[in-house]
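Here is the structure we will look at, set down as C-alpha cells.
The values are calculated or read from the model by the stated rules, or taken from the named source; none is laboratory data. All figures in this text were calculated on a predicted structure; none of them were measured in a lab. Neighbour counts are summed over all protein chains in view; Cβ atoms, including those assigned to glycine, are modelled from backbone coordinates with ideal geometry. Just the protein is used for accessible areas: all its heavy atoms, side chains included, with ligands, DNA and RNA removed. Shrake-Rupley method; radii C 1.70, N 1.55, O 1.52, S 1.80 Å.
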Amino acid sequence: MIDLVASEWLKLRSLRATSYVLAATLSALALTAFSAYSISRYYDSRGWGGEPVGTGLSLGADLPPVLFGLLGVFAISGEYATGMIRLTLTTVRSRWMLLLAKAAVVAAVAAVAGQVLAFATYFTAQAVVAGRPIGASLAEPGALAEVLTTGAGAAVAAVLGLTLATVLRSTPGALLVLVALPLGPLVLGRFLPAPWNDWIASLTIPALARQLAAVPDAGAFGPATAALILAGYGAALLAATLAISRRDA
C-alpha cells in the first residue's frame, strides 16, 4: 500500500495541472482582499453590523473547494483520457486500494494547501482591515477553529472531485458538477420556505466547514451533523469504487 501511495504521489506531482490548480487557489487571496476592502469602506461610511472580518469571507472561501475538487479530478481523469487507466488497472488489480491510494494523496495535498491558504487569507483580511474594530483575532472563541476546519473542507472537496471523475470519466463533466454543487443549494434555497431553505443552503462544503467549527449563523446544522455530512461527501468514494470495479477493464 505504501508503494502504491508513493506511485500516486509521483503521478500527481508530475502533472502540470497540479501546479496550475494550486497556483489558481491563490486567487482566493485577491478575492479576500477585495471583500475585506469593501467591508472596511462600508464600515468607514456606515458602520458594520455583520460578523468580524478575517475568518468568514465568502468571496475568498467559496472558490478553493471547486479548485481543490479539480485537483481530485485531474488525479484520474487524465488516465481515462489517455487510456493509461487500463495499464494502471492491469498493474493494480485491487480497485479499492487504487482509489484509496489516490484519495489519500489528493486529500493530503488539498488539506495542507487548503490549510496554508486559510491562514494566508485570514492574515490578508486582517491586514486590510487593520486599525478598525472589525477584525477577528485568532484568540477569539471559534476563530481558530474556523480557520483550521478549512483544511478538512479542502480534503473532502478533493476526494469528491476524484469520485466524480471516476464515475463520469470526464473532466468537463466532473467540473460542471463541482461548480453546480455549491451554486445549486444557494439557488434552490431561494425558492424554498423556511426551514428548508436554510437546510439546503447549509449543505455546501464551505458552509459545512464553518458549521463544523460552530461559527454562529453559519448554517442550520451543528458541528456533529456537519461532520457527518462532510463524511458522507467523502464516503461517496464507495460509489466510485463500485463503478470502477464493475465497468472498467
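Suppose the Debye formula is applied to equal point scatterers at every Cα of region 185-249; what is log10 I(q)/I(0) at q = 0.14 Å⁻¹?
With no solvent term, the Cα-only Debye profile gives -0.50.
Taking 0.36 nm per residue of sequence separation and subtracting the Cα-Cα distance, how much length would be gained by fully extending the chain between I2 and A224, in nm to one decimal?
So the extension gain works out to 76.7 nm.
For region 149-199, which chymotrypsin sites (Phe, Trp or Tyr not before Pro) are both in a DSSP coil and crowded by at most 10 other Cβ atoms within 10 Å?
F191
List the DSSP H helices in the chain whose Cα atoms stretch 24 Å or more along the helix axis and whose mean Kyte-Doolittle hydropathy is at least -1.0.
For the chain, where a helix must reach 24 Å along its axis and average at least -1.0, the hits are 27-46, 63-82, 95-128, 143-168, 171-189.
Fully extended, how many nm does the chain gain between Y37 and A23 (0.36 nm per residue separation, minus their Cα-Cα distance)?
Contour length minus Cα-Cα distance gives 2.8 nm.
7 Å from Cα along Cα→Cβ at both V112 and R93: what's the point-to-point distance in nm?
The answer from the label model is 3.3 nm.
Taking loop as defined by DSSP and a crowding limit of 11 other beta carbons within 10 Å, which trypsin sites (Lys or Arg not before Pro) in region 169-249 fit?
Within region 169-249, the qualifying trypsin sites (Lys or Arg not before Pro) (loop, at most 11 other Cβ atoms within 10 Å) are R190, R247.
Work out, step by step, the length gained on full extension between L192 and A120: first 0.36 nm times the residue separation, then minus their alpha carbon distance; give nm to one decimal.
Using 0.36 nm per residue and subtracting the Cα-Cα distance, I get 22.3 nm.
Translational D (Stokes-Einstein, µm²/s) of region 53-198 at 20 °C and 1.002 mPa s when Rh comes from the Kirkwood sum over C-alpha pairs?
Once the numbers are plugged in, D ends up at 126 µm²/s.
Separation between the L183 and R13 pseudo-spin-labels, each 7 Å from Cα along Cα→Cβ, expressed in nm?
For L183 paired with R13, the spin-label model returns 3.6 nm.
Given bins 5 angstrom wide, list per bin the percent of all Cα-Cα distances in region 119-186, short to long.
Cα pair-distance distribution for region 119-186, in percent: 3, 14, 16, 16, 13, 13, 12, 8, 5, 1, 0.
Calculate the radius of gyration of the Cα atoms of the chain to one decimal place, then report Dmax, the largest Cα-Cα distance, as a whole number, both in Å.
Just the Cα atoms of the chain yield Rg and Dmax of 19.1, 65 Å.
How large is the accessible surface of Y80 in square angstrom, using a 1.4 angstrom probe and rounding to the nearest 10?
Taking all protein chains as shown, Y80 has close to 40 Å².
Considering every pair of different Cα atoms, what Kirkwood radius, in Å, is found for region 132-232?
14.7
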